[in-house]
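What follows draws every value from the coordinates through simple rules; no lab data is involved. Owing to the predicted nature of the structure, the values given are computational and were not obtained by experimental measurement. Glycine also receives a Cβ, built like all others from the backbone with ideal geometry; neighbour counts cover every protein chain displayed.
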Amino acid sequence: MLTHPNIDPVIISIGPLQVRWYGLMYIISFLCALFIAKRYLKEIGLSEKIPFLENLLFYSFLGLIIGARVGFCFFYYPDYFLAHPLEIVKVWKGGMSFHGGLIGALVFGFAYIKKHKESFLFWADVASIPAPLGLFFGRIGNFINGEIFGKPTNLPWGMVFPEGGPIPRHPVQLYECLVTGLFLFLIMYSLRHKAWPDGAKFALFLVLYGILRFLFEFLREPAQSLPLLFGWMTMGQVLCLFMISLGLTILYLVFSRQKSI
């Protein structure tokens, strides 16, 4: 049995201002995504598109943060946040949703791409290559905060979390960090030069992450105010089913269009 190191979530405080580990993980994620995407554009001979990429990632990142917070509030605890709307802006209290962040990033990114008359599916593919690294660092942030822990376990690496009571639990943040983060990134990065139609890599990311996240939800301690669907399906799993369905639909459409050309 292991014990959570109970790391102070605040790195440094300067008066009322605080720098937190979780916020730092977002910044590192953005920088990694920018570095890898820029390198990819150089590899395929589109270095002139780097300024567009930089602006696109900025707006997408802004949409991700807004969407992640709003998604957490209304996907998982709508009753509380509808009754206490001012709590929505208190992001320092924690609570971000991957699915909400994905929606926010897609909405902001789509608006920026269409404004400049670029291909949404092409840029979605570019962003999908480094996307799992954001999951990697995000789950590290969750682990530092001691949140999103798993269900009780008797396995030797079970961990006692400060908010999880005295019993050892699955350190599911670390599982996801390695599998949906590092492992999925290695897959996406290895496929970056595949001559697939635009949108295929983006769709594959949606499908693979959706499946992996759906499975890991079985190990997570459910955290939501809504009742479980069918008595066992969490909101995260419901959202993953939509994600997988969207990915499969895009795969079908882009490859069907390629065959018809």
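Computed quantities for the displayed model
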{"quantity": "Likely footprinting exposure, 234, 249, fewest C-beta neighbours within 10 Å first", "calculated": "249, 234"}
{"quantity": "Over the chain, relative contact order from alpha-carbon pairs under 8 Å, at least 6 apart, %", "calculated": "21 percent"}
{"quantity": "Mean Cβ neighbour count within 10 Å, used as a protection proxy, ranking 105-117, 121-133 highest first", "calculated": "121-133, 105-117"}
{"quantity": "Using a Förster distance of 41 Å, the FRET efficiency for residue 182-residue 86 (Cβ separation, nearest 0.05)", "calculated": "0.60"}
{"quantity": "Of the chymotrypsin sites (Phe, Trp or Tyr not before Pro) in the stretch 144-199, those whose Cβ has at most 15 other Cβ within 10 Å and which sit in DSSP loop", "calculated": "157"}
{"quantity": "Per-residue ³J(HN,Hα) for the stretch 83-88, Karplus 6.51 cos²θ - 1.76 cosθ + 1.60, θ = phi - 60°, Hz, x for Gly and Pro", "calculated": "7, 10, x, 5, 6, 4"}
{"quantity": "Of every Cα-Cα pair in the chain, the percent that sits beyond 22 Å", "calculated": "59 percent"}
{"quantity": "Between the stretch 67-128 and the stretch 169-201, the Cα center-to-center distance that results, in Å", "calculated": "20 Å"}
{"quantity": "Fewest-first sequence of 192, 169, 139 by Cβ atoms within 10 Å of each Cβ", "calculated": "192, 169, 139"}
{"quantity": "Reach of residue 114 by Cα under 17 Å, taken over aspartates and glutamates that are not fewer than 8 positions away in the same chain", "calculated": "54, 125, 198"}
